[in-house]
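Student: So that we are looking at the same thing, I have put the structure below in structure tokens.
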Amino acid sequence: MLAALAVTPGEPVPTETLVNRIWDGNPPNKARDDLYINVNRLRNRLQDIGADAQLVSRAGTYMLETNPWNVDYYRSGQLRAQARAIADSGDIQQAVRLLNEESALWRGEPLAGLPGSWAARTRKNMEDERLRGAIDRVQFELHLGRHADLVVELSDLVDGNPYNEKLVELLMTALYRSGRQVEALEVYRRVRQHLVNGFGTEAGRQLQELHGRILQGDASLFLPPGSGIGTGRPKNNLPRDTSTFTGRTGELARLLDMATPHKTAVTVLAIDGMAGVGKSALAVHLAHQLTGQYPDGQLHLKLYGHDPENAPREPLAALDLLLRILGIPAARIPEGLEERATLWRAELTRRKALVVLDGAAGHEQISHLLPGAPGCLVLITSRRRLTGLDDVQSLSLDALPPDDAASLFRRIVGHGRAREADAVATLMRLCGYLPMAIHLVGNRFRHRSSWQVSDLVARLSDSNRRLAEIRGDNREISAAFELSYQGLDRPHQEAFRLFGLHAGAEFGVEGSAALLEADRHTTERILDDLLDHHLIAEPRRGRYQFHDLIRDYARQLSADRPELERRAARARLLDFYLHTADRADRLLHPQRARPPIEISDPPGVLPRLETAEDARKWFTEELQNLIHLAGHAADEHWPRHAALLPGVLSEFLDASGHWMDAATLHKRAINAWDELGDEAGAARARGDLARVLWRTGDLDDALAQATQALAVQRSLDDQQAMADLLDLISMIHIYLSEFTISQEYGLLALQTRRTVGDRHGEAESLSHLGIAWWHLGDYPAAGERMREALAVFQEIGDLLGQQKALNNIGDVELRLGDPAVALQYFEQAMAIGPEMGPQHQAIWFNNVANVRQRLDDLTGANQYYRNAVKLYQEIGDRRGEADALTNIGSCYARMGRDGEAFIHYQKARNIAVEISERHIEAQALRHIGDVHQAAGRHDHALGNYARALELAGAIGDLYEQAKALDQMGLSLLGTNLVRAEKCWRQALALYARLGVPEADDIRARLDTVQAPDRTDSTA
């Protein structure tokens, strides 16, 4: 009855129709009475379970009153309609996402178990709609260039629907685009033979035409330019064009003529000229005019060829950013320069894109960034003539003609305030007709309502004054900055110069006070005044920054000050950050053992840091400054700060997932400690580096660094440091799947920590030992250690430690077959606070997803797994990523989507092999075997199971050995019952030893198997 009403939610169904649907045209004598009774029962049941739905009866009809989106069938139809509409608007990727969401709504057979002709007809219609959705999605994914990924899925669809010629067309197209022409033709031959033999008919006209085109090797069947993965909506990160852009008519005409596409080569235009001449503005203006001719993307990249803050962008980093702008996932971007250049060029071969490379230092910087095939346009700007590049059309840009310069000024200030034609002409000459200088002068004049143009001319006409106001190489730009600088009194000028010494991207009140040696009130007043003069900006409340060019000017001014004065100011700034970061670290991690940090003259103005949350917020806000300053200390020979800052930052960098930055800083800290001759400090830095390398999966180097540090700490008899390193080495061995060795180090760490009275460290060691026992299959011992760890964490009030322990205990309970209890532990971990770091949050997502999968909530599980993968990828946790990918694969397998499952298993295995993670590799191999088994490819399945069994045996993973043997038995069942039974008995012995619920399942299976011949012992 519920099904008969739910197919049309919110619509009345006549009683007679409902009777026919339920009793299939053969109702009992009192059908209406029975119907009424069942309606009441159903109505009460809906109320009892609190369903957002109710049964309504009126005027001889019944209706299920609910939000239609509560009904998966209705929601499925709406998602398909939305996907088609969005695809029509051009957003193919969003259409695919909607259809994936629609596909996830289907679980098993529609209306399963319902008898009758109405149920059969409706079931058939639903299956047809489900298939149409799958066909739509496949067509869209083919358009995105995912043909290789679709072959397995399409093969399965064709096997299930062998006479659906549309599916056959799609499979042939996917194979052909994947370079598998012979297989595509074989698909056609096989389908045609079925049609002729079974129905005496030929394939349809479209299928025949496709067959002919594949036979002829028709190139038009491949994706057209601009299609493929990562295209979707065209990428456009061009800076905005300005309404004040003036002149350049002749240059634009020449550039437009040069931009005519070549038939055989990529079109490359270079605009060179001096600083401030307007190269970038012209390139961006031209790019906006040409946007319509390059529909697949308009990309802009700063190369920092002549940037005072940033070193020229290396080609390797430039390619990384360009590929990310295109939407290429980080996992697909290779490490090597040539490989990245190859991928970049391959991505552009199917696009008509416009690329602006802004501020090139020279031809060496950009030669790898140029596309390799016609169809794209590249615009390069540089202060240098790029004579080292072949086949580049160049335009050297001069200053503006006098009339155009005057027109630009009038546009900036308004025609009403620029009527003094002679004065304007003189001012433009004094500005050198440079657009940047004109903009700066014009903007200031526009905000000074009492000034006349002649006032500006007077300021710039005195040659002595002009030399004072135009400084360095960029004298016209310096002159414009000097106008604002001279509007300040001496204390504000001094402050401006001192702020030029700040090496970070932005600064707050407290750091500024350290530079100025001023109190909070004075500092805040100076910052406010400079903000009013537009010499600094306030992008966020209480946070200030220079415009890039004004920062350059401030640093030129500060460079004129005596060296002792500059070093004293920088020492105050570095001391402020070191002192405050140390305070914040002690608030966040009070249990952490660290030596005291002495500051001879502590800063007088400090941020409010009273709680761990205050510390976390300060670290988050200042992190980029801290990283930058630590690097600056190493670069500018401040060895004490270069040594201490990374150590103070290590815990926060670790918890927040900034592992690449951390690795760089810790390596430089080792050098700084060596320079200072501090053996213990260098050992601590090696330990910090080893932890980061362990996180990122560089396990051999992590082990080497940790072992070297341990040898030093043993020689110094630092028991606390030894215990920390022993525990870290224990965890490294877990990631190396060397669980017994891990136990040995873990027990030594535990014993040492207990000796020195380190309760927090004791809990950490107990927790880590529990993980080692878990991998070795001793779940009771694992659970006991983890509960001991939880008790200690609770005793000392460590909430983060409690979160980790609860997560681990939940994992044990899940393995022992109690997902409900496991979920309680995971939910308790989330509720306890504080906010988890990205790695622990990813682990939590993965664990909860495991529970959801065990409870058959596959859609929910899949989403949680994907949340975990995203976090793992963001922080570079390769092991976690591989684990989550394996779990996504198992989720897809349970959905019956073996093709997608196979892809995820392969990805997981590849990562596991790269990082030498044999536990996850064994899991992935076993699951790959499951896919082969489901497809009836038992020889392939057995091969994968055998490799998984061998790996699991080598690392002592009893559970994985049992799972591999279990699945081997299933693949042997049809051909060798004796071997199958023997595998199952071996698996049973392991399951029973582990105490896991799989033992009951295999006992039941063995009870049903009677082997006719038990003499075969070849298993």
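Student: Any idea how far the Cα center of the range 156-229 sits from the one of the range 354-403, in Å?
Tutor: Each part reduced to its Cα centre gives a spacing of 45 Å.
Student: Another question, if that's okay. From Cα pairs below 8 angstrom and at least 6 apart in sequence, can you work out the relative contact order of the range 658-727, rounded to a whole percent?
Tutor: 27 percent
Student: On to the next question. Could you list which residues have their amide H under 5 Å from that of Gly372, counting only those 5 or more apart in sequence or on another chain, with H placed in the peptide plane?
Tutor: Residues meeting the criterion, in which the H sits 1.01 Å from N, do not exist here.
Student: Another question about this same structure. Subtracting the Cα-Cα distance from 0.36 nm times the residue separation, let me have the gained length for Thr8 to Asp398 in nm, one decimal.
Tutor: The Thr8-Asp398 span can extend by a further 133.2 nm.
Student: What does the C-alpha gyration tensor say about the overall shape of the range 622-717? Classify as rounded when a/c is under 1.5, otherwise prolate if a/b is larger than b/c, or oblate.
Tutor: oblate
Student: What trypsin sites (Lys or Arg not before Pro) does the range 581-623 have in DSSP loop regions with at most 14 other beta carbons within 10 Å?
Tutor: Arg592, Arg608
Student: Of Tyr892, Trp451, Ala861, which is farthest on the positive side of the dipole of the chain, counting Cα position, with +1 on Lys and Arg Cβ, -1 on Asp and Glu Cβ, and the Cα centre as origin?
Tutor: So the residue furthest toward the plus end is Trp451.
Student: Measuring from label point to label point, each 7 Å out along Cα→Cβ, what is the Asp422 to Leu676 span in nm?
Tutor: According to this spin-label approximation, the distance is 6.8 nm.
Student: Rounded to the nearest Å, what's the spacing between the alpha carbon centres of the range 772-851 and the range 660-736? Just the number, please.
Tutor: Centre-to-centre distance over Cα atoms comes out at 27 Å.
Student: Hey, another quick one. Relative contact order, percent, of the chain when contacts are C-alpha pairs under 8 Å separated by at least 6 residues?
Tutor: Taking the mean separation of contacting Cα pairs over the length of the chain, I get 5 percent.
Student: Turning to a different aspect of this structure: Label Ala934 and Ala253 with points 7 Å out from Cα along Cα→Cβ: what is the distance between them in nm?
Tutor: Each label point is offset 7 Å from its Cα along the Cβ direction, giving 6.7 nm.
Student: Taking the Cβ-Cβ separation of Arg448 and Leu531 as r and a Förster radius of 22 Å, what is the calculated FRET efficiency to the nearest 0.05?
Tutor: 0.80
Student: Next question. Could you give me the radius of gyration and the Dmax of the range 235-396, taking only the C-alpha atoms into account and expressing both in angstrom?
Tutor: 14.8, 45
Student: If you don't mind, another one. Along the charge dipole of the chain, Cβ charges K/R +1 and D/E -1, which of Leu626, Leu716, Gln293 sits furthest on the positive end?
Tutor: The residue sitting most towards the positive pole is Gln293.
Student: In a shell of Cβ-Cβ distance under 14 Å around Gly25, excluding Gly25 itself, what net charge do Lys and Arg (+1) and Asp and Glu (-1) give?
Tutor: Within the 14 Å Cβ shell, the charges total 0.
Student: Please compute the modelled spin-label separation between Glu202 and Arg754, points set 7 Å along Cα→Cβ, answer in nm with one decimal.
Tutor: Label at Arg754, label at Glu202, 8.5 nm between them.
Student: Would you give the gap between the C-alpha center of the range 241-295 and the C-alpha center of the range 1-74, rounded to a whole Å?
Tutor: Going from one Cα centre to the other spans 67 Å.
Student: Take the Cα radius of gyration of the chain and divide it by 2.2 N^0.38 Å, with N its residue count; two decimals is plenty.
Tutor: Compactness ratio reported: 1.15.
Student: Relative contact order, percent, of the range 742-859 when contacts are C-alpha pairs under 8 Å separated by at least 6 residues?
Tutor: RCO, the range 742-859: 18 percent.
Student: Let me ask you something else. Taking 0.36 nm per residue of separation and subtracting the Cα-Cα distance, what length does fully extending Ser178 through Glu517 add?
Tutor: Full-extension gain reported as 115.3 nm.
Student: Run the dipole for the chain about the Cα centre, Lys and Arg Cβ at +1, Asp and Glu Cβ at -1, nothing else charged, and hand back the magnitude in debye, nearest 20.
Tutor: 2600 debye
Student: Moving to a separate point now. Using Cα atoms only, what is the angle between the long axis of helix 548-559 and the major principal axis of the chain, expressed in degrees (0 to 90) to the nearest 10?
Tutor: Relative to the chain, helix 548-559 is tipped by roughly 50 degrees.
Student: Pulled fully out, how much extra length does the chain show between Ser367 and Gln906, if you take 0.36 nm times their separation in residues and subtract their Cα-Cα distance?
Tutor: That works out to 190.5 nm of additional length.
Student: To the nearest 0.05, what FRET efficiency results for Arg1003 and Glu784 with a Förster distance of 30 Å applied to their C-beta separation?
Tutor: 0.65
Student: Give the angle, between 0 and 90 degrees and rounded to the nearest 10, that separates the Cα long axis of helix 612-635 from the longest principal axis of the Cα atoms of the chain.
Tutor: Taking the Cα atoms of the chain, the angle to 612-635 is about 60 degrees.
Student: Given just the C-alpha atoms of the range 490-570, how large is their convex hull per residue in cubic angstrom?
Tutor: 84 Å³
Student: For a quick check: sort Met786, Met836 by the number of other beta carbons within 10 angstrom, fewest at the front.
Tutor: Met836, Met786
Student: Find the all-direction average of the projected area of the Cα convex hull for the range 854-1008, expressing the result in square nanometres with one decimal place.
Tutor: Average of the hull's projected areas for the range 854-1008 equals 9.1 nm².
Student: Grab the other residues whose beta carbon is less than 11 angstrom from that of Ala418, score K and R as +1, D and E as -1, and report the net.
Tutor: That sum, taken over residues with Cβ under 11 Å, equals +4.
Student: Angle check, please: helix 402-413 long axis (alpha carbons) against the longest principal axis of the chain (alpha carbons), in degrees 0 to 90, nearest 10.
Tutor: 70 degrees
Student: Say the cut-off is 24 Å between C-alpha atoms; which of Lys279/Lys302; Lys166/Lys907; Lys302/Lys870; Lys235/Lys302; Lys263/Lys352; Lys907/Lys963 go over it?
Tutor: In this structure, Lys166/Lys907; Lys302/Lys870 exceed 24 Å between Cα atoms.
Student: While we're looking at this one, here's another question. Based on Cα positions only, what radius of gyration and what Dmax would you give for the range 11-104, in angstroms?
Tutor: 18.4, 57
Student: Using a 10 Å Cβ count of at most 12 others and DSSP loop calls, identify the longest part of the chain lacking such GluC sites (Glu not before Pro).
Tutor: Segment 336-597 is the longest.
Student: Please work out the FRET efficiency for the pair Met660 and Gln54, using the Cβ-Cβ distance as r and a Förster radius of 45 Å; give the result to the nearest 0.05.
Tutor: Computed FRET efficiency for Met660 and Gln54: 0.20.
Quick note: the coordinates plus some simple rules give every number you see, no bench work behind them. Computed from a prediction, not measured in an experiment: that's the story for all the values here. Positions of Cβ are backbone-derived with ideal geometry, glycine not excepted, and every protein chain shown enters the neighbour counts.
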